[in-house]
Every structure is written in C-alpha cells, then in structure tokens.
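Read the structure below first, then the notes.
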Amino acid sequence: MAAWRTILVTKPCRLSVKNLQFVYEPHNEESIKVPLEDITVIVLESNQATITTALLSQIAEKNIALFTCDGYHMPNGCFTPFHQHSRLSQIAHIQRDIKLPLKKQLWQKIITQKITNQSKLLNYFEIDNIQLELLKDKVKSGDGQNLEALAARKYWQKLFKDFLRDQKALDPRNIALNYGYAILRGAVARSLVSYGLLPTFGVFHNSELNAYNLADDMLEPLRPMTDMIVKKLELEDELDVHLGISVKSALINVLNMQMKLDGENVTLLHTCDVMAHSFVKSLKLNDANYLKLPTLS
C-alpha cells in the first residue's frame with residue numbers, strides 16, 4: 001500500500017515541479033523533493049509561498065487536493081480541476097433539474113448515515129449511544145422533523161464535556177473542528193467537480209451565497225471522522241486556541257484515514273470519489289438507493 005503524504009507548507013518558500021517531483025524550496029534552507037504520485041493533500045498556510053503554473057497543472061492532472069489558508073491560518077479555499085469529466089454539461093443539467101422527492105430521499109439517506117456514524121463514534125469512545133441509535137431509524141424523507149438537529153444536541157453533550165458547538169467560539173475544540181471540517185469540505189468539493197457535478201446546487205443546503213451547497217450536503221456523514229481526531233487530541237491534552245503543527249497535521253491526515261464502504265476499508269479521500277460517482281448514478285436513475293455512503297470502520 002502506498003504511503004500517501006500530506007504536505008503542510010508553513011514557511012516562506014518556492015514550490016515547483018521537476019521530473020514529476022514536488023520541489024519545496026524554503027528560503028535559506030535545503031530543498032526537499034517528493035514524488036507527486038505519493039501526495040494526496042497540500043495545504044498552503046504561509047502567505048509567502050510562491051507556486052509555479054507548471055506545478056498547478058500537475059496538481060490538477062494528479063487530482064491532488066490543494067488548500068489555501070486565510071490570515072488566521074484556517075483553510076479558506078480548495079483548487080478544483082474542472083476538465084476531468086467528459087460529460088460535465090450533461091451531468092450539470094441533470095443536477096439542475098433534480099426533482100424534490102429525490103432530493104428529500106437523498107437527504108434522508110445522508111442524515112440517517114450521519115447519525116449512524118455519530119452513534120458509532122460515541123460507541124468507539126465507550127460513551128452511551130442508545131439515544132442516537134433510536135433516532136437513526138426514525139429519519140423520514142426530507143427529515144421534516146429535523147432529527148439531525150436533535151441528534152446533534154445529544155451527540156455534542158455526550159462527546160465533549162461543557163461544550164457548545166459554535167463556529168465562532170474560541171473553544172479550542174471548536175477551532176480544531178472548524179479546521180478539520182474545512183479540509184473535508186474541500187476534499188468533497190474536489191471529488192464532486194471531478195465527476196462533473198456543480199458544488200453550488202445542493203439537495204438540502206441551498207444558500208445563494210454558498211458556492212459549496214452540495215459539498216456541505218455530502219460532508220455530513222464524514223464529519224464524525226474529524227470529531228474523532230479532535231476528541232483524541234483533547235484526551236491527549238494537545239489542544240489550545242493556537243493550533244500547533246502537529247494538531248493541524250493530524251486534522252489534515254483525516255483524508256488518509258479509513259472508512260468502511262461496500263464492505264471494504266478505504267481512505268476518506270477515495271470515499272469522497274465513490275460518494276460523488278454514486279451521487280451521479282442516483283441522479284441519472286432517479287433513485288436515492290444508488291448513493292453510497294461510508295460507515296466508521
């Protein structure tokens with residue numbers, strides 16, 4: 001099995017490609033070369049990193065997930081190749097015309113799997129999960145009862161002590177969750193685009209100000225993987241409001257962790273591809289049952 005690598009760029013540097021090798025040249029330090037085929041994720045945290053167009057082209061060809069970060073070092077963008085699917089226009093039209101009943105059925109399946117994975121994560125940490133187990137089989141088409149929100153309240157109360165899930169809170173657990181979710185969101189968007197889908201058009205999320213509505217839909221069953229990492233980091237007393245390199249590396253590495261899909265353990269990055277491909281099949285056949293969603297291993 002290949003030893004996939006994630007690259008976190010934190011120093012001023014020049015990034016280029018030579019002989020299909022990623023070349024990292026930090027200022028006043030020795031350069032480092034890594035085969036492009038070994039890389040799955042690159043995160044550009046430094047705002048003083050320059051990158052050549054030749055490397056960007058190869059990143060697109062190799063379907064490597066490339067993230068940029070804002071002034072607070074939080075992921076704020078993901079480079080997504082747009083030319084990889086030969087029938088992009090056809091799929092985009094099918095996606096645009098998706099009917100409401102199918103949307104509701106897809107959302108039911110997504111939320112059921114999200115609650116299932118939340119329940120499995122509680123069980124992993126030997127935390128009582130009976131309430132979520134009861135909820136996961138009660139989700140109806142469209143989740144009109146909003147069991148997702150009810151499950152979330154119970155889930156966060158049990159997973160973390162004295163915790164409120166608030167994206168703007170300065171709780172280090174929230175900061176770490178935001179970082180990890182941003183990585184997942186970009187990876188999902190990257191896979192959607194590579195299969196000819198437009199991340200803007202979601203099945204549940206539909207904000208006109210959000211370019212990643214569909215990515216936010218498909219992200220839901222994957223969130224517990226980041227939650228697992230943050231919980232482990234908390235137990236190891238590794239968290240503070242200033243996320244260290246080791247914490248960020250652990251959160252980025254979520255894409256190389258494994259989930260169970262079709263009875264096999266596959267990386268989360270590959271899982272994103274399978275989800276996107278199966279979503280296209282669901283749209284073409286007008287059947288939510290073709291959507292494949294992962295389970296915590």
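The values are calculated or read from the model by the stated rules, or taken from the named source; none is laboratory data. Keep in mind that what you see is a predicted model, and the values were worked out from it rather than measured. Positions of Cβ are backbone-derived with ideal geometry, glycine not excepted, and every protein chain shown enters the neighbour counts.
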Residue match in region 160-177 (condition: in a loop (DSSP other than H, G, I, E, B), out of contact with any Leu (no Cβ under 9 Å at 6 or more places or on another chain), more than 21 Å from Lys284 (Cα to Cα) and among the polar types (S, T, N, Q)) = no
query = Within region 127-147, can you find the residues that are in a helix (DSSP H, G or I) and either free of Cβ contacts under 8 Å to residues at least 12 places away in the same chain or within 22 Å of Ile229 (Cβ to Cβ) (or both)?
reply = Ile130, Leu132, Leu134
inquiry  = Please verify whether Ile115 is assigned to a loop (DSSP other than H, G, I, E, B), in the same structural domain as Val193 (by TED's automatic domain parsing) and either among the charged types (D, E, K, R) or surrounded by 13 or more Cβ atoms within 10 Å (Cβ to Cβ) (or both), treating the condition exactly as stated.
reply    = no
request  = For region 56-77, name all the residues that are polar (S, T, N, Q) and modelled with pLDDT under 90.
outcome  = Asn63, Asn76
Considering residues of region 37-55 that are at pLDDT below 95 and not in a strand (DSSP E or B) only, the residue surrounded by the most Cβ atoms within 10 Å (Cβ to Cβ) = Glu45
key: Residue count, region 239-272 (criterion: closer than 20 Å to Glu45 by Cα and not polar (S, T, N, Q))   = 14
remark   = The one condition Ile98 fails out of (1) closer than 20 Å to Met275 by Cβ; (2) part of a helix (DSSP H, G or I) is (2)
inquiry  = Being touching a helix residue (DSSP H, G or I) at 6+ places or on another chain (Cβ under 9 Å), without any contact (Cβ under 8 Å) to a residue 40 or more places away in the chain, surrounded by fewer than 17 Cβ atoms within 10 Å (Cβ to Cβ) and more than 30 Å from His242 (Cβ to Cβ) is the requirement here; does Leu150 meet it?
reply    = yes
